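Contents: one structure, followed by commentary.
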Amino acid sequence: ALLAATGLLFAPLAVHAQAPQPAPEAPRGSEPPVVQVSEEGFSLSSADKAFVLKLRGLLQGDGRFFLDDPERTGTNTFLVRRMRPILEGTLFGFIDFRFMPDFGVGQSVIQDAYIDFRPGEWVRLRAGRFKTPFGLELLQSDMDNPFIERSLTVDLVPNRDEGLDLHGEGDGGRWQYSLAVVNGDPDGASTDANTDDSFDLAARVFALPFKGREPSFLQGLGLGIAMTRGLQFGSATNTGLAPWRSPGQLIIFSYLSNADTGEVVTAHGQHLRLSPQGHFYLGPFGILAEYVRSSQEVRNGDSRAKLRHHAWQTAVSWVFGGKASFEGARPAKPFDPKTLQGGALEVAARVHALVMDDDAFPRFANPARSVRAARGFGVATTFALNRRVRFALNFHRTNYEGGAPDGGDRAPENALLSRFQLTF
């Protein structure tokens, strides 16, 4: 009886102890992160891709050799042209960021450092340091350009600047726009700060009207126009002007700047640029062209002038074993060292010119040192093992008007350039 009573007493407890318990809910955000390693670099992301961290890089080892150069105006050398670790990613699903320093050519500079507020593809707001939305070739990535050095048009194009850029695209990428307020770059240069208390406005529209549409052979056609407008004022210590370089990266034009004699030319007034531009890609064929006109008000003592310079370029390319694109040659299949098959060979040719305003001489530039015009051509071959490893060899010849004593012409430049490039 005692045992029976005891069993009745503890029976409810036993039943309660054996009753199944609901499984505890997994805490939110407990999904393991996603780690990826590929030719696109290293990435770490949350399962829902709201948080992404990417580590990429660019390394370019170049050689520069000047042929038929008895006056030794150029220096034959090997150099690390660009060495850029790239950190980029996404926060909260709608904020992108990018940080890219550069340790090439024996210098340490910050190239890109910006954040993008991205509520939608049609509208983004970028803040920080970035490429000014203007030059077509300059907006093409350094790792994708078929030529080792850019054309003469970049001497009139603003490079990187600090500011705000409202940009976006729509209709499946068929149209793109940018509207930026920046500190204001000199032609062919970048700036780190605003020294004249004024800003530049940059605007660019670009359309690919047949992207994803018929006729299919026009899908690679892109046309656009860009402009900048601003007031720039230099000083004796910061003139607001920059020297211009040849394809071999030799200085071919510079404004007078001699504080000892008082001959210091500074930016002084309105600076206006305009650039119609376009490209076309069809299978292995590609063509890119742009025209740049820069109107710059300058001052030297009591003398003032509005100087109008212009430049243009046309580059064509053909890819054997792949496709041409604005994002670089794309091999049909990667190179296999065991079978020696795959990869792609890109062959390109370019003609370009840079013409200075005649009114620049001699009051604002020394005709015995600065050229009045530069015209040239270049040929390039690039073997792409895959999208990330390339070997390139270029030859550029540039002819000059002026730039030598006694009214003579500077000797032509014959530059042989080589490059080994690794990106990931």
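Quick grid of which residues meet (1) in contact with a Pro (Cβ under 8 Å, 6 or more places away or on another chain); (2) among the charged types (D, E, K, R):
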residue	(1), (2)
L138	no, no
E149	yes, yes
L152	yes, no
D155	no, yes
G163	no, no
H167	yes, no
D171	no, yes
Q176	no, no
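Taken together, the criteria exclude G301 from residues that are at pLDDT below 95, surrounded by 17 or more Cβ atoms within 10 Å (Cβ to Cβ) and more than 23 Å from M227 (Cα to Cα). Every test in (1) in contact with an Asp or Glu (Cβ under 9 Å, 6 or more places away or on another chain); (2) without any contact (Cβ under 8 Å) to a residue 60 or more places away in the chain; (3) among the hydrophobic types (A, V, I, L, M, F, W, C); (4) under 19 Å from R150 (Cα atoms) is passed by A289 save one, and that test is (1). Residues in the stretch 391-424 that are closer than 19 Å to D336 by Cα and either of a type in the set (D, E) or free of Cβ contacts under 8 Å to residues at least 60 places away in the same chain (or both): F391 alone.
Residues that are out of contact with any Lys or Arg (no Cβ under 6 Å at 6 or more places or on another chain), open to solvent by less than 60 Å² (accessible area, probe 1.4 Å) and under 30 Å from D187 (Cα atoms) within the stretch 314-346 comprise T314, V316, S317, A324, S325, F326, G328, A329, listed in sequence order.
Condition check ((1) of a type in the set (G, A, S); (2) free of Cβ contacts under 8 Å to residues at least 60 places away in the same chain) across all residues:
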{"site": "F103", "(1), (2)": "no, yes"}
{"site": "S108", "(1), (2)": "yes, yes"}
{"site": "L125", "(1), (2)": "no, yes"}
{"site": "K131", "(1), (2)": "no, yes"}
{"site": "L136", "(1), (2)": "no, no"}
{"site": "F147", "(1), (2)": "no, no"}
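Exactly one residue among R129, R150, R118 is open to solvent by 20 Å² or more (accessible area, probe 1.4 Å) and within 20 Å of P247 (Cβ to Cβ), and that residue is R150.
Do the conditions hold for S257, that is, is it under 30 Å from S303 (Cα atoms), open to solvent by 60 Å² or more (accessible area, probe 1.4 Å) and small (G, A, S)? Yes.
When F78 is tested against (1) open to solvent by 100 Å² or more (accessible area, probe 1.4 Å); (2) modelled with pLDDT of 95 or more; (3) more than 30 Å from P101 (Cβ to Cβ), exactly one condition is not met: (3). Flag not set for D142, criterion: under 17 Å from the mean Cα position of the chain (by Cα) and farther than 24 Å from T90 by Cα.
Can you confirm whether the stretch 354-366 contains a residue that is under 20 Å from the mean Cα position of the chain (by Cα), touching a residue at least 40 places away in the same chain (Cβ under 8 Å) and either closer than 28 Å to L218 by Cβ or open to solvent by 60 Å² or more (accessible area, probe 1.4 Å) (or both)? No, that holds for no residue. Residue check: R387 meets all listed conditions (1) outside any strand (DSSP E or B); (2) at pLDDT 95 or above but one, namely (2).
The values are calculated or read from the model by the stated rules, or taken from the named source; none is laboratory data. This is a predicted model, so every value here is computed, not measured. In this analysis, Cβ positions are derived from the backbone assuming ideal geometry, glycine residues included, and neighbour counts consider all displayed protein chains. Side chains are part of the model used for accessible areas, which takes the heavy atoms of the whole protein and leaves out ligands, DNA and RNA. Shrake-Rupley method; radii C 1.70, N 1.55, O 1.52, S 1.80 Å.
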